[in-house]
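Have a look at the structure below, then the notes.
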Amino acid sequence: MSFDDLGLSPEVLKAVADAGYTTPTPIQRQAIPTVLMGRDVLGCAQTGTGKTAGFTLPMIDILAGGRARARMPRSLILEPTRELAQQVAESFEKYGKHNKLNMALLIGGTSMDDQKAVLQRGVDVLIATPGRLLDLFDRGQILLADCKLLVIDEADRMLDMGFTPDTEKIVGRLPQNRQTLFFSATMPPEIRRLADKFLSNPKAISVDPPASAAVTVTQALIRTSLDPKVKREALRTLLNSEEVTSALIFCNRKRDVALLHKSLERHGFNAKALHGDMSQPARTETLEAFRAGKIQLLVCSDVAARGLDIPAVSHVFNFDVPIHSEDYIHRIGRTGRAGRSGKAFTLATPADSKFLASIRHMTK
């Protein structure tokens, strides 16, 4: 099957061809025709499966025939982090370049005045994080009465980050007569409850088991000491023995991100840190340098790195075993993308036995 078989317009197909894609992924094959038919979608797909194109491509066609009014977006995409929102915005720019749709990106750390000005001109596609959206809504800068298409992306991360009340508040202000697309990498009971509340007779789409690792990722476990110095030495030994082109190194706490980053720099490694307390310009600058290959190692927290789509990442190192087993899948899903192979190493101390058991149970 090719993209030509999915019912997309010539303009969107041209943009897809320009991007170099010829064969849709499993979730794209299932989601795109369903979205074009106007049905709600409940999608369970791990990161790296092509999910974003699965909803952006049909959305462009659905929205192509209308015109937006000032402060009244015609569609809304909710994302849990600024980085994810920016990546979706980049997808719309890439796939919508032959259409004349207006897009606005509402995220923290950027000028609210600029965002107000864009909204005033009329927006076909509004991509936002919940906090900034509600802030502008409460200031009277956004009216949601004309929003007929809603996407809730990475719903499980929304839950983890405490955005569920904000998300429910936003959905409560949208028209009941709308199309809703709901995507999550995992489906715990709370996520299923939200889906039942937001969706109407959805088509359920699931690709890969909800908590499975990509087959392109080789996973390894390294037993190490509780002593932080010994643990850091074990990581350096791994980095020197592996052919690392670029790697993400995960810590559970922001404080440890800073400590490990400084330690790696002291030992001569080309490393930078990425965490939630950084300003948006600093985060963007660091990510662009990593994408460009100017930074080899990026030490990060889960919140900062969720949704990063950088295909050339060769390795993931879990300096800390994740506390939540679902985060293990999201972390190692940063490598082995776009058909490439990748390696994921987890450093575990005797204190991590409970978390390891949870990961083993989930991944079978």
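The values are calculated or read from the model by the stated rules, or taken from the named source; none is laboratory data. This one's a predicted model, so the numbers in the text were calculated from it and none came from an experiment. Here the Cβ is made from the backbone with ideal geometry for all residues, glycine too, and neighbour counts use every protein chain on show. Quick note on the areas: whole protein, heavy atoms, side chains included, nothing else; ligands and nucleic acids left out. Shrake-Rupley method; radii C 1.70, N 1.55, O 1.52, S 1.80 Å.
Among the residues of the range 1-22, those identified as open to solvent by 60 Å² or more (accessible area, probe 1.4 Å) and under 21 Å from Glu93 (Cβ atoms) are Pro10, Glu11, Lys14, Ala17, Asp18, Tyr21, Thr22. Could you grab the pairs with beta carbons closer than 9 Å, sequence gap of 6+ or different chains, first residue in the range 221-240 and touching a residue at least 60 places away in the same chain (Cβ under 8 Å) and of a type in the set (Ser, Thr, Tyr), second one part of a helix (DSSP H, G or I) and surrounded by fewer than 14 Cβ atoms within 10 Å (Cβ to Cβ)? Within 9 Å, the pairs are Thr224/Val230; Ser225/Pro350.
Going by the structure shown, is Thr110 within 18 Å of Arg82 (Cβ to Cβ), in a loop (DSSP other than H, G, I, E, B) and either among the polar types (S, T, N, Q) or in contact with a strand residue (DSSP E or B) (Cβ under 9 Å, 6 or more places away or on another chain) (or both)? Explain how you work it out, then say what you get.
Working: within 18 Å of Arg82 (Cβ to Cβ): yes; in a loop (DSSP other than H, G, I, E, B): yes; either among the polar types (S, T, N, Q) or in contact with a strand residue (DSSP E or B) (Cβ under 9 Å, 6 or more places away or on another chain) (or both): yes.
The answer is yes for Thr110.
Table: residues versus (1) over 19 Å from Leu347 (Cβ atoms); (2) surrounded by fewer than 14 Cβ atoms within 10 Å (Cβ to Cβ); (3) not acidic (Asp, Glu).
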residue	(1), (2), (3)
Arg232	no, no, yes
Ala247	no, no, yes
Asp256	no, no, no
Lys272	yes, no, yes
Thr286	yes, no, yes
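With respect to being under 15 Å from the mean Cα position of the chain (by Cα), hydrophobic (A, V, I, L, M, F, W, C) and at pLDDT 95 or above, Ile127 fits the description.
Entry remark, the range 181-198: residues being surrounded by fewer than 20 Cβ atoms within 10 Å (Cβ to Cβ) and among the small types (Gly, Ala, Ser) number 0 in total. Look at Gly140 and say whether it is at positive phi, part of a loop (DSSP other than H, G, I, E, B) and either in contact with a Phe, Trp or Tyr (Cβ under 7 Å, 6 or more places away or on another chain) or open to solvent by 40 Å² or more (accessible area, probe 1.4 Å) (or both). So Gly140 does not fit the description; no. Ala204 - would you say it is under 28 Å from Arg334 (Cα atoms) and open to solvent by 70 Å² or more (accessible area, probe 1.4 Å)? In short, yes.
Would you call Thr52 open to solvent by less than 10 Å² (accessible area, probe 1.4 Å) and closer than 25 Å to Ala214 by Cα?
Numbers: open to solvent by less than 10 Å² (accessible area, probe 1.4 Å): no; closer than 25 Å to Ala214 by Cα: yes.
Spelling it out, it is not the case that Thr52 is open to solvent by less than 10 Å² (accessible area, probe 1.4 Å) and closer than 25 Å to Ala214 by Cα.
When the test is whether a residue is under 22 Å from Ala312 (Cα atoms) and in contact (Cβ under 8 Å) with a residue 24 or more places away in the chain, Ser263 does not pass it.
Evaluated against (1) farther than 23 Å from Arg157 by Cβ; (2) modelled with pLDDT under 95, Gln280 falls short on exactly one condition, (1).
Could you check, for the range 172-180, whether at least one of its residues is assigned to a helix (DSSP H, G or I), among the small types (Gly, Ala, Ser) and buried (at least 19 other Cβ atoms within 10 Å of the Cβ)? No: the range 172-180 contains no residue that is assigned to a helix (DSSP H, G or I), among the small types (Gly, Ala, Ser) and buried (at least 19 other Cβ atoms within 10 Å of the Cβ).
Has the range 337-359 got any residue that is touching a Leu at 6+ places or on another chain (Cβ under 7 Å), surrounded by fewer than 22 Cβ atoms within 10 Å (Cβ to Cβ) and small (Gly, Ala, Ser)? For the range 337-359, residues touching a Leu at 6+ places or on another chain (Cβ under 7 Å), surrounded by fewer than 22 Cβ atoms within 10 Å (Cβ to Cβ) and small (Gly, Ala, Ser): present. Would it be correct to say that Ala220 is under 16 Å from Asn318 (Cα atoms), outside any helix (DSSP H, G or I), open to solvent by less than 60 Å² (accessible area, probe 1.4 Å) and modelled with pLDDT under 90? No, not satisfied. Screening the range 103-130 for residues that are more than 12 Å from Arg71 (Cα to Cα), in contact with a helix residue (DSSP H, G or I) (Cβ under 8 Å, 6 or more places away or on another chain) and of a type in the set (S, T, N, Q) and picking the one that is least open to solvent (accessible area, probe 1.4 Å) gives Thr129. Does Phe355 satisfy the criteria of being at pLDDT 90 or above and in contact with a helix residue (DSSP H, G or I) (Cβ under 7 Å, 6 or more places away or on another chain)? Criteria not met by Phe355. Against the list (1) touching a residue at least 60 places away in the same chain (Cβ under 8 Å); (2) buried (at least 23 other Cβ atoms within 10 Å of the Cβ), the condition Ile62 fails is (2). Restricting attention to the range 70-102, the residues that are under 17 Å from Pro58 (Cα atoms), of a type in the set (D, E, K, R) and surrounded by 17 or more Cβ atoms within 10 Å (Cβ to Cβ) total 1.
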